[in-house]
Every structure is written in structure tokens, then in C-alpha cells.
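One structure below.
The values are calculated or read from the model by the stated rules, or taken from the named source; none is laboratory data. Small disclaimer: the values here were computed from a predicted structure and weren't measured. Neighbour counts run over all protein chains shown; Cβ positions are idealised from the backbone, glycine included. Heads up: the accessible areas ignore ligands, DNA and RNA and are worked out on the full protein's heavy atoms, side chains in. Shrake-Rupley method; radii C 1.70, N 1.55, O 1.52, S 1.80 Å.
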Amino acid sequence: MQEELSVKYDPSQVEDKWYAYWVENKYFHSEPDGREAYTIVIPPPNVTGVLHMGHMMNNTLQDVLIRRARMMGKNACWVPGTDHASIATEAKVVNKLASMGIKKRDLTREEFLKYAWEWKEEHGGIILKQLRRLGASCDWDRTAFTMDEVRSESVIKVFVDLYNKGLIYRGLRMVNWDPKAQTVLSTEEVVYRDEKSKLYYLRYYVADADVNPVKPTGEEGEVLHKDENGRYYAVVATTRPETIMGDTAMCINPKDPKNQWLRGHKVIVPLVGRVIPVIEDRYVDIEFGTGCLKVTPAHDVNDYNLGKIHNLETIDIFNPDGTISEAAGMYIGQDRMVVRKQISIDIEAAGLMEKIEDYDNKVGYSERNPDTAVEPRLCKQWFLSMKHFADIALPPVLEGKIKFHPAKYISTYRSWLENIQDWCISRQLWWGHRIPAYFLPAAEGEEERFVVAETPEEALKLAKQLPGCADVTADQLTRDEDALDTWFSSWLWPVSLFNGINDPGNKEIKYYYPTNDLVTGPDIIFFWVARMIMAGEEYINDVPFRNVYFTGIVRDKLGRKMSKQLGNSPDPIKLIEQYGADGVRLGILLCTSAGNDILFDESQVEQGRNFSNKIWNAFRLVKGWSVAECPQPEESRVAVDWFRAKLNATVEAVNHDFENFRINDAVMAVYKLFWDDFCAWYLEIVKPGFENGTQKPLDKATYDATIEFFDALLKMLHPVMPFITEELWQNLAERKAGETIMLQQMPKGGAFDQKTIDDFNVAVEAVVAIRALRQSKNISPKEALKLQVKGDMPAIAEPVVRKIANISSIEKVEGFAGGAGEAFMVGTLEFNVPLEGMIDVAAEIEKINAEIQRYEGFLKGVNAKLGNAKFVANAPAQVVELERKKLADATTKIENLKERLASLK
RNA sequence: GGGAGCAUAGCUCAGCUGGUUUAGAGCACCUGCCCUACAAGCAGGGGGUCAUAGGUUCGAAUCCUAUUACUCCCACCA
């Protein structure tokens, strides 16, 4: 620290220095020992990600929790790491390659992965470096990656295990297909958005020659469509006319009176000309559109189900990239969205369009490629059967073994688990964990055969055991091309970080698991939180964490989500440079409450910076004092007693807040303790005056207490503001080499007398009243005043008022005669400041009358209560007693005021 | 369509099991101050029919019902 402390705190002078110091001394590192463990695993950010405000909030919270736990004597371990994020990262690599003129499909898997790893090495982990700027006290020696050796091995082991348990299966299903990434997605990865679209009404002519209505038209509301040539047709409403090439039936509800005439007939698909049957199924909503549904089994889940029931042909008219396939017979190779426009024109031209209406519907988009509409597609994929996992994951949350903060997410969690669908875990990607399934050669049309094993050698062994496969060779086995869903590795995170899959029951997993608190967003409650609980229960037979703190979304002050497009997302590193990491941390924490979105505004960070500066200057003040052997002034003795009580009370409140994850409240409590109580009151009271231009020394008792308080305050602030607290703590007293505030014990608080705090508040109120009086009468703070008091002033209040309000004498009186002064009340205590010739009697009378009126209004309410026999009879004695006291107090006050009014007149 | 949550000062939110609350905090705002820690500061001040309408109760911001607004989640109606 510089000899001369600057007036302004400069974070850039201290942050890097202390972070390096902490890392060098391995203060963040944890090894199992005899202490109680406190563990947090980081929600692994995307390996190629860049820090944004959401990360800042999330990781600040985690750091506060971990630093506090460390100072509470726990063996705190915060494990950092990154996620391989297969879809996002693969997309980035594909784009990069494209910019180099390389197409993914021209590369072998090995070549592609080489590029991908290069990309990862180059861009990966930036985000972890950025976290250091924030002060994150992660155990960097434990940094993990979802695709590193331990984690990969865990994933493969788990896949094989679950397959062997019969929980993983391979099946032909209607799945969600992302045509841009060209992979399937799980149902959770599809986000539905409202969209303005069109409902197209298409003519499907009746194919049989003699449709001729056997019965007369108009019977029982039947709707027959007949064109100018006398030909009959049905009308189908669809939002997706481009799928007509895949139509293999038209469906009506058997109970639909208006479409009875279509029963048993055949219709012609417009443009395509294919003749398809009219089938009947109760699934069809009679009220929707015309009650006629076109059935495209290959491209709609419901249609697929209808197809299965009614044994319909399935025509897949799309290529994997969303263009029209050969099977469609027309528009081949064109994108489906282009074809939608074109086909409506062509149908119109062919006279087959009845009408087009505006229509609001929901369209599913890929979570990772938000501008790509997801296509339902029929294909063979790997699934994890979820019923079993739902069964084991629900009880710990419902029974409170895991607590959600806020608790409202329990119901979200519950309803998801109670309606769970099987998890599609395969992805048509290369960047990820390759599925350990090996296929045997099979002739065309033959049922596929495969084995699942951790290694190719193991697979070969298994394959040879299959009937008729004794001679199979290693070359004949082909490994599944697909990779696993990224979440299939993330769900193991709290277990795999401690190698609990590969080495069950090892020392670390036993020590660190279950972890304590998880800090994450509610948007991944299904993706991640729920699945970690499943994996934890399945593999360790215990919950992965005790508490889940759900953060909100960081929005700008207008409530908009932060996004690159809007440009409303500040660069966290720039903010740190501008305001200091401590300032940014405090700013974020002040507006964070569990489950609520935070509306971020730079002014909050400014508040954080200002607070840093306040701490800095308090330090400058205290360090500037000299100490001498002299008696302790009365007001200092009182202030020490009071502040100790206040400190202890706040420690208790802060502990309570943390237990309930009310972190913003805890932070605010310490903020006020420092700024309002310590700086504005305590330091002002003990601050020595000046004599002949030099500051008087401080007595030793007061000085020691002040240093003790400052030390306690810095510790309480440290989890929130690690840098400035370390800097000042190191300079507050002599420190040995290698000491750090990080590893000090958090103040434990202790018993305190509430009366001390209450009595002090009398002084505070009196001082405030006298200051207001000075201001309104334009009396300088330097001019000493006299004070009269009627009643018994608390002993500790007197010296405080004397010093802070600059009172020369306090006189106890029976009444204020003559009215030569300004009076005020604190509780029932009456004060008067005698002011010769400075009183505006008229104004004073008005003021007193207003006061009387206020108290009388108050009395009315109290009297109404006490006058109510039912109240007196039913309310608890305590409450009635309280009302009586209110009555007595208010009555006294009014009497005093009236007395005073009289004396003025 | 189903479910959940929320509605308190200009803004963001506390207010837990109804009674020391004719409602609090932080920020913002207004007024006065550069008084040897700090103008990134100090001192003082104004500001709310607790969304609306009913109900329960001796007593409601707090509990119940309905309405309105917003937010979120879930769902295969083309």
C-alpha cells in the first residue's frame, strides 16, 4: 500500500495482486480433511462461451456462498469446469470451416474432430479466465471439462450400464429434427413460439366416379362441396400445404354429421394426384376447419399415430436438411419454406385453393438454432426410459431432502416428472461422446443387430456370443456414428467431478458428495437439475445437492432480456475495469433475490463502487488517528457498547438471511451496518476533535475497539467484496506472511442487549431533530446549543447527543415555561432547545396544532379498538395491553403539546 | 387449453404464523452544504386509498372468493 492513501480507491491497484496471492498460496484449493465439507459445482458454461451478465450474477452468488462457508470453518470446494455443448460448438466449428471453404461432409470424423479440438484449445476456457477477474475462488486445480478423460469414461460407463439395465433402448420414433444442425433434439430442446401464419383450405376431389350423393343434399347439416362441373370435393384446412406430397389418407370424425357423405370414399390429393382413402378416427376435431384432416404420417406426430392405427403408408418427403426429397416427386431439392409459398401459388393456379385465412399457431424451434423450425421426423434413435428416473427423483424434492429456493419451482418440477417422456439421447453430431454401440453386418432388409460395450474389444467379445456370429471380426463391427446429448454428460457432473462413476466409493466422492448448494437458472430445471437428481440417486443413491438457488434472468432496466441484437448487454470485463470487481459484485447482489428477474442498471454498479470508496475512506480516517494514554471519553465508551450490540444483532440477522438464501437482504444489512451505523454514527462519535489545528489523539481503549470492529466488518464484507477487504485487512494491523482474510473466522456474534440499541435510537432521533431545527432556523452546526429535557433520558443517549448535535448543556426540567424554544418529542420524552428571540410563534402554533391533530386521529383508531367489547374480549391480552399503552402515550403527548401551546399563547 | 406465480412509493423490492405498521428499505427525486475520511460525500425533506370488488374476523397489505393486468411453465388440435 502506498504511504499516502489517495482520496479515491483504485481497484486496479489491488485486484490482480490479491488474486495472484490467493492462487499462489493455494487458498482456493481443497483436499478432503477432518473438517465439514462445503461443496459447490459450477454450472459448466459452454467451453467456447464468453462471460455475460447472467454468468456474473450466477458466479458472484456462488463465490459469496463459497467464501462465506470457508470463513465459517468449512472445507470449501468450488469445482469449476466447462461444457462441450455439442450442438453449439459443432455449429461454430462448421461455420469456421465454411469460412475456410471446407465443408463438414468432405471431412472424415477424425479430421473434423481435429479441427474441433483445435478450436476448443484456441477459444475454450476464456470464460474461466474471465471468472478470475470477478474474484471467483474456484479450485482451479480441479478444473474439468465434460469431454475430458474422466468425464468421458464416466459417460460411456453409464451408457453401457443403463443399456444393460434395460433402461436404454433403440427405437423408431417420431422425433424432433433440427434441419440446420441436422440432428434430432429432445422434446426439452424444442421451444414453441407464437407465430402469425396462414390456414390453407385445399380441395380434395372425390375420386370414385359415382360419388353422386345417394341422398339429397342438405340433410342434417351435411356440407357437400360441388364445383361448377358438378364434381364433388372435400375441403381440408392445413397450415402446411407443402406436406401434401406425403399425404396418405384423409381423416374425418365418424361422428361428424357434415362429413358423413365422405365415408368409404377416396379423394385425390391436390396437384399430386394421388388417390387416398378417407379414414375415420375420433381423434379429428369436428369443429376445427372443415372437420377433414389430411394425414401425413411421416411429418406429424398425430398423423404418425393415425398411420399406425390405420395401417397407412408413410412417405418421407423431406431430406435431412429440410429440402424436399425425391420421394415427393415434385419440388425436389427446394427448401420446405420456399415450397410452402410456391405450392400455395400453384394450388391456387390449379383452382384447388378454396380460401386462405390468417391463423395464429405455435411453431417449434430449435433451442440452439432459434431461427430454425424443428421438423417432426421418423427415425431410429437411442432413448432413455424415464419412468424409473422420475420415480427416484421426485421424493427427495417433495420430502424436502433437496430444498428449492424459491419453493414455487417444486410444482414445476413435479409436473414435469409426473408427465415425463422418454429422453432421446442420441444426436447426429460428431463433437460429443460417441455412442458405444457396435453394429454387426446385416443384409438389406435384415433386422439390425448390435452390441453395447465400453471398448471395441469388449464389443467384439459380446458380438461373437450372438447366434451365428462366432466368426465376426473387429473390422466387421461398425460403431454407431452418433454422439450423445450434451446433457447426458452434464447430468453426471456432481458425481463425475469426483470420479464417482469410474471409482465408486472413492475418498473424494465420499467426502464432497452430496454437494451443498447449486446456483442455476430455472430454465434448466428439466435439462439439468432434475436429471442430476436422477443420476445422483441412481449412482450414489443420494441427492446431488441440498439446496437449489434459482436465479432470475438478467434484464436491462426496461425489463428487456439482454441480447447482442439489442446491444443492451454490458461487457462484464469493461464494467470491472470501470467500477472494480467488488463494485460490480455488490451492484449485482443488491438487486438479486431468488427466482426474481433482475433489472440491471449501471447505476447499481456505481453504488457498489461508491461503497468501495466509502470503505476505503473510513480506513483512511481510522489509520490517520494517533493513540495516546488518555481517559476514554464518555461518548466513546457508550458508542463502543452500542456498536458491539449492533454488530452482534446484525451478525445474527445476516446468518438468518443466509440460511434462507436471502442473500440480497444479508448484503444490504452489512451495507447499512458499515455505512450508516459504523461510519455515520460510530466513527463520528469517537472521532477526536481538533486542537490548535492538529487532531487530538484517541484513547487506546476506543482505538482498539475501533480496529476490532473494522476487522469484523471487513470479514463480514469479504464474501461480497473480496478484493478491497483483503487489501484493507492486510493493512489494518501487522500481518504475518501468508496470512489472508479469506481464511479468517467469520464474526460469530454473540448476546446483545436490545435495550442498548433502543436507547441509542433515542439519541439518534434527538440528533436528527436538532439538525433539522438548525437547518430550518439556519443555525450553524458550529454554534453550540442548550437542551432541556422533560423526563428521563437514557444514560447512553446523553453524551452522544451532546457531541453529535453540539449541545453545551443538557438540563432536566419539569416543564418548559415561557415558550422560548423549539420543542420536539422522541417517544414520550419531551425536548426543548431554548432559542431567545428566534421563534416564529405563529408557525410554531401551526406546527403543534398539526401534531395534535395527527395524534388525535391516531387516538381515534386506538379508542375504537378499545371501545369494542369484542376486541377486548377476543384479542390476546398482550395486544390489548399494547393498545392501552398506545392510548396512554398518545394522551400524554397530546397533553404535552397542549401545555406547550398554552405557554406559547 | 391446463397449471403456477405476481400485483405495496417514480424504479427495484421487504413486509415470515393476521395485532408496536393510519406501511418499510435501497435507488431516484427535492432543499441546503466542498464543515481537514469520503461531493464516488454530508445534512435535511417530500412521496403510497398496499390492483379492483366482495367476504371471513374484535382486527386484513397479510386469510378466502371473484374480476382485471402482467410474467412464467406445460400441452399433438391440423
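What the table shows:
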item: Computed accessible area, A:E883, all protein chains, 1.4 angstrom probe, square angstrom; result: 10 Å²
item: Heavy atoms of A:T892 accessible to a 1.4 Å probe, total area in Å² rounded to 10; result: 50 Å²
item: Chain A: angle of helix A:336-349 to the longest principal axis, Cα-based, in degrees nearest 10; result: 60 degrees
item: Sequence-distant residues sharing a close amide H with A:F318 (under 5 Å, placed H); result: A:S325
item: Long-range HN-HN contacts of A:R479 with modeled amide H, under 5 Å; result: A:F439
item: Karplus-derived HN-Hα couplings along segment A:407-422 (A = 6.51, B = -1.76, C = 1.60, θ = phi - 60°), whole Hz, x at Gly and Pro; result: 6, 4, 6, 4, 5, 4, 4, 4, 5, 5, 5, 6, 10, 5, 10, 4
item: Ranked packing of A:236-242, A:657-663, most packed first, by mean Cβ within 10 Å; result: A:236-242, A:657-663
item: Test item: Cα-centred dipole of segment A:462-602, Lys/Arg +1 and Asp/Glu -1 on Cβ, debye; result: 400 debye
item: Segment A:523-654 shape via C-alpha gyration tensor axes, a/c threshold 1.5; result: oblate
item: Phi to ³J(HN,Hα) by Karplus 6.51 cos²θ - 1.76 cosθ + 1.60 over segment A:464-475, Hz, x for Gly, Pro; result: 4, 7, 6, x, x, 10, 4, 9, 4, 10, 4, 5
item: Charge context of A:D281, other residues only, Cβ under 14 angstrom, K/R +1, D/E -1; result: 0
item: Out-of-range pairs (alpha-carbon distance over 19 Å; input A:K196/A:K362; A:K8/A:K696; A:K860/A:K886; A:K865/A:K886; A:K847/A:K898); result: A:K8/A:K696
item: Residue order for A:D360, A:D227 - accessible surface, 1.4 angstrom probe, largest first; result: A:D360, A:D227
item: Accessible surface of chain A, 1.4 Å probe, proportion on carbon and sulfur as whole %; result: 50 percent
item: Alpha carbon centroid spacing (whole Å) that separates segment A:434-478 from segment A:315-377; result: 39 Å
item: ³J(HN,Hα) computed for each position of segment A:63-80 - Karplus, 6.51 cos²θ - 1.76 cosθ + 1.60, integer Hz, glycine/proline x; result: 5, 4, 5, 6, 5, 5, 4, 4, 7, 8, x, 7, 8, 8, 9, 10, 9, x
item: Between segment A:593-642 and segment A:696-724, the Cα center-to-center distance that results, in Å; result: 9 Å
item: With Cα atoms, 0 to 90° folded angle of helix A:149-164 axis to chain A main axis; result: 50 degrees
item: Accessible area of chain A divided out per residue, in Å², using a probe of 1.4 angstrom; result: 45 Å²
item: Crossing angle, helix A:86-99 versus chain A [Cα axis fit, 0-90 degrees, rounded to tens]; result: 70 degrees
item: Euclidean distance of C-alpha centroids, segment A:834-905 and segment A:109-183, integer Å; result: 71 Å
item: Heavy-atom accessible area order for A:F871, A:F858, A:F383, largest first, 1.4 Å probe; result: A:F858, A:F871, A:F383
item: Rounded if a/c under 1.5, otherwise prolate or oblate - chain A, Cα gyration tensor axes; result: prolate
item: Long-range amide H partners of A:D597 with built H, under 5 Å; result: A:I553
item: Too-long pairs where the Cα-Cα distance tops 22 Å, listed order kept, from A:K700/A:K812; A:K812/A:K893; A:K104/A:K180; result: A:K700/A:K812
